[in-house]
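Beneath this line is the structure, given in structure tokens, with notes to follow.
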Amino acid sequence: MSRLGPNDPAQSAIPDVATAPRFLGEGLIGSWERNVARPHSGELLIAVRANAICGTDRQQYLNGAGVVPGHEAAGIVVATGENTSTASGTPGVVFLMDFCGSCRPCAAGATNQCLAKRADMGFTHDGGYGPYELVHETNFFPVPPDLDLAEATLLLDVMGTTGHAIERARLVAKDIQAIAVSGAGPLGLGLVVMARLLLGSSVPVVVTDVQPARLELVSRLGGRPVDLRTSTLAQGVRTNGIDEIDVAIDTAGKKASRQALINLVAKRGVLVCVGHGESLELEVSSDLISPERAILGSEYFRFDELPRNLELLRAHRSEFAPIITDRFGIANLPEAVSLFMSGTTGKVVVEQ
Ligand SMILES: [Zn+2]
Ligand SMILES: [Zn+2]
């Protein structure tokens with residue numbers, strides 16, 4: 001049951017079916033009609049306004065998807081189910097994992113490790129490239145109405161995933177003096193800004209990539225770019241006058257990049273793996289035991305990290321702004337995804 005009655009003008013303006021993008025595979029995007037569900041108890045219906053394109057979308061882009069993809073959505077509540085307290089008209093962002101709130105990880109706040117997730121939005125249920133998204137109130141995070149909703153998507157992967165990776169590193173490394181990051185995609189770019197805000201501007205952040213446009217963005221954001229076409233990571237670190245790397249963060253998901261990072265991590269340092277894919281080879285004695293290094297995984301982020309990140313975004317909006325390099329209307333989704341997948345941009349956001 002929805003709170004709004006069927007004769008309420010706001011509710012009747014919501015169609016029963018709506019046209020949404022359909023990821024057909026092999027880089028083709030068509031469209032299909034999707035039912036627009038009315039929210040049940042504890043649920044909210046969101047009219048999506050913006051969704052940021054992510055490298056993780058590549059799988060669905062190449063292989064096709066049985067749902068509407070998109071897991072970095074911001075929108076406005078247009079209908080509310082019973083047992084909710086969010087008002088229609090409230091803007092906010094959608095947390096990818098529809099966590100249960102009561103399992104052991106959730107009870108400890110580790111909502112990114114929920115044992116009984118109801119959905120992964122955009123993967124198991126329709127996500128943010130469609131006009132509407134049905135969520136639970138618990139995985140919707142309201143934002144102030146003056147925040148541009150394309151910028152609000154930065155709260156998700158760009159700030160959330162990177163902030164969580166830094167917090168994971170901090171569990172081990174207490175005196176962080178320098179950071180190295182592989183990959184200057186949206187996560188690498190987000191790390192440059194988040195590391196400065198969370199650890200201070202005196203901590204240099206070295207970021208490797210092979211794309212000139214992304215390396216240029218790294219410098220613009222205050223990071224130290226290393227062009228792997230002309231230099232190794234180790235050379236780049238030395239060129240920047242850095243003696244030791246305390247925290248290495250792999251966003252690239254490549255074995256070669258992880259090996260380069262672990263070889264460079266100082267004694268008592270930590271490698272945090274954020275990018276999925278490929279492997280890592282270790283000599284346990286020399287890589288881990290003797291130098292007392294740690295290797296950690298970091299998956300998405302905890303819902304309870306969002307309030308701090310919202311404060312950071314509001315206070316440092318202009319520092320994050322360059323990370324969004326392109327905006328497209330939803331009608332140009334194929335062009336937008338193709339541009340993003342070329343690996344030459346920062347974050348590309350699709351608006352509707
Ligand atoms: Zn993502
Ligand atoms: Zn749970």
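Each reported figure results from applying straightforward, stated rules to the coordinates on display, with no laboratory input. Here the structure is a predicted model, which is why all the values come from computation and not from measurement. Using ideal geometry, Cβ is built from the backbone for each residue, glycine included, and neighbour counts are taken over all protein chains shown.
Remark: segment 197-352 projects, on average over all directions, an area of 10.9 nm² (convex hull of Cα atoms). Taking 0.890 mPa s as the viscosity and 25 °C as the temperature, the Stokes-Einstein diffusion coefficient of segment 255-320 based on its alpha-carbon Kirkwood radius rounds to 172 µm²/s.
For Asp304 and Glu82 in one chain, what is 0.36 nm times their gap in residues minus the Cα-Cα distance, to one decimal in nm? Show your work: numbers first, answer last.
Working: separation 222, 0.36 × 222 = 79.92 nm, distance 2.38 nm.
Value of the extension gain: 77.5 nm.
Using C-alpha pairs below 8 Å separated by at least 6 residues, the relative contact order for segment 201-352 is 17 percent. Over every Cα atom in the chain, the radius of gyration and the widest Cα-Cα span, Dmax, amount to 20.7, 71 Å. Taking 20 Å as the cut-off, the amide N atoms of segment 135-174 that come nearer than this to a point 7 Å along the Cα-to-beta-carbon line of Leu280 belong to 161-174.
Counting only DSSP beta bridges with both residues in the chain, what percent are antiparallel, rounded to the nearest 5?
So the antiparallel bridges amount to about 55 percent of the total.
Normalise the Debye intensity by I(0) for segment 73-126, one equal point scatterer per Cα, no solvent, then take log10 at q = 0.23, 0.25 Å⁻¹ and round to two decimals. Results for segment 73-126 at q = 0.23, 0.25 Å⁻¹ read -0.99, -1.03. Principal axis extents of the C-alpha atoms in segment 13-161 (largest first, rounded to whole Å): 40, 36, 29.
Are any of the pairs Lys117/Lys174; Lys174/Lys254; Lys117/Lys267 more than 29 Å apart by Cα-Cα distance, and if so, which? Show your work: numbers first, answer last.
On the way: Lys117/Lys174 33 Å; Lys174/Lys254 27 Å; Lys117/Lys267 38 Å.
Distance filter (> 29 Å) returns Lys117/Lys174; Lys117/Lys267.
Structural descriptor for segment 74-215: relative contact order 19 percent, calculated from alpha carbon pairs under 8 angstrom and at least 6 residues apart. Summary of the geometry: segment 89-143 and segment 149-182, compared by the centres of their Cα atoms, lie 20 Å apart.
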